[in-house]
Structures are given as C-alpha cells and as structure tokens.
Amino acid sequence: MEPKNTTANTAYMGFTNSACPFMPCHQGVEREFNCLFCYCPLSAYECPGPYKVLVDRNGITRKDCSACTLPHNGYKRSWNFIQRWLEKPRRWDGSEQDPSRIKDADSLP
C-alpha cells in the first residue's frame, strides 16, 4: 500500500453520503460535502470553527458546532484542515470562543 502523501489517489480524503436522512446537516457548504468527519475529531479540542458553548442537564459543558462547515466543505480542503489541527491538538477548556479566532472555509488554505 502506498503512503497517503505519495499517492495520486485522494479518495481517502472524503465521501458524500447523499442517502443520509440528515443531509444536508450543515447549511452553506459550497464544495463537495464531506461526510468523513460527520463527528468532528476536533470537538474536544481548540479549533477555529464557530461554536457555541452549552451546558447540558447534567452540568457538563459542551461545544455546539452545528454552525461549522470547516470539516465538510470540500474533500481535500476539509481533510487538510483536520490534519493540520490534529498535528498539535490543544484540549478545549470549556470556555467561550474568542471571536477573533473564528475562521470560515474561504479563509483556509
């Protein structure tokens, strides 16, 4: 098997499940909708995607990332976004997001 960084085949970067009953789960996705990160691996970490902080009925602080399209907006772009943020993950401390850190899909390389 060829290493991912040397193969021309990029099928591993994403897929679209058009039969999903929740599709489209995020509005505003302009490129191919990537379902690979349906459950975002960054939900427990700091990230630049827009999120709200909620406290559930058990008093646990959680991120609501329903307004975020970063892990879904284009196969290659969303793959690279997740890989970059998982290189040096920083645990989310439960605090509100600093508005100056919020990014949208068009501001990412």
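Computed from the coordinates by the stated procedures, all read-outs in this text should not be read as laboratory data. Since we're looking at a predicted model, the values are computed, not measured. Counting neighbours? That spans all protein chains shown, and the Cβs are built from the backbone with ideal geometry, glycine included.
Evaluated with a Cβ-only charge set (Lys, Arg +1; Asp, Glu -1), the chain carries a dipole of roughly 180 debye about its Cα centre, given to the nearest 20. The 3J(HN,Hα) values that the Karplus relation (6.51, -1.76, 1.60; θ = phi - 60°) gives for the stretch 80-86 are, in residue order, 5, 4, 5, 4, 5, 6, 8 Hz. Gly and Pro appear as x. Summary value for the chain: 30 percent relative contact order, contacts being C-alpha pairs under 8 angstrom separated by 6+ residues. Using 0.36 nm per residue and subtracting the Cα-Cα separation, the extra length available between Lys88 and Thr6 on full extension is 27.3 nm. Residues whose amide H lies under 5 Å from that of Asn17, counting only those 5 or more places away or on a different chain, are Cys35; hydrogens are built 1.01 Å from N in the peptide plane.
Summing charges over neighbours of Asp64, with a neighbour being any other residue whose Cβ is under 15 Å away from its Cβ, gives +2 when K and R count +1 and D and E count -1.
For the listed peptides 25-32, 47-54, 61-68, a ranking on the average number of other beta carbons within 10 Å per residue, highest first, reads 47-54, 61-68, 25-32. Coupling constants for the stretch 64-79 follow from the phi torsions by the Karplus curve (6.51 cos²θ - 1.76 cosθ + 1.60, θ = phi - 60°), and in residue order they are 9, 9, 5, 8, 8, 10, 4, x, 10, 8, x, 4, 5, 5, 5, 4 Hz; glycine and proline get x. Dividing the Cα radius of gyration of the chain by 2.2 N^0.38 Å, with N the residue count, gives 1.14.
Note on the chain: GNM, Cα springs under 10 Å; of Asn58, Asn17, Asn34, the largest mean-square fluctuation is that of Asn58. Couplings 3J(HN,Hα) for the stretch 8-24, derived from phi with the Karplus relation 6.51 cos²θ - 1.76 cosθ + 1.60 (θ = phi - 60°), are 7, 7, 10, 4, 5, 7, x, 7, 10, 9, 5, 8, 5, x, 9, 6, x Hz, where x marks Gly and Pro.
Between amide H atoms placed 1.01 Å from N, distances below 5 Å from Trp92 occur with Tyr45, Glu46, all of them 5 or more places distant or on a separate chain. Listed by Cβ neighbour count within 10 Å, with the fewest neighbours leading, Ile60, Ile82 appear as Ile60, Ile82.
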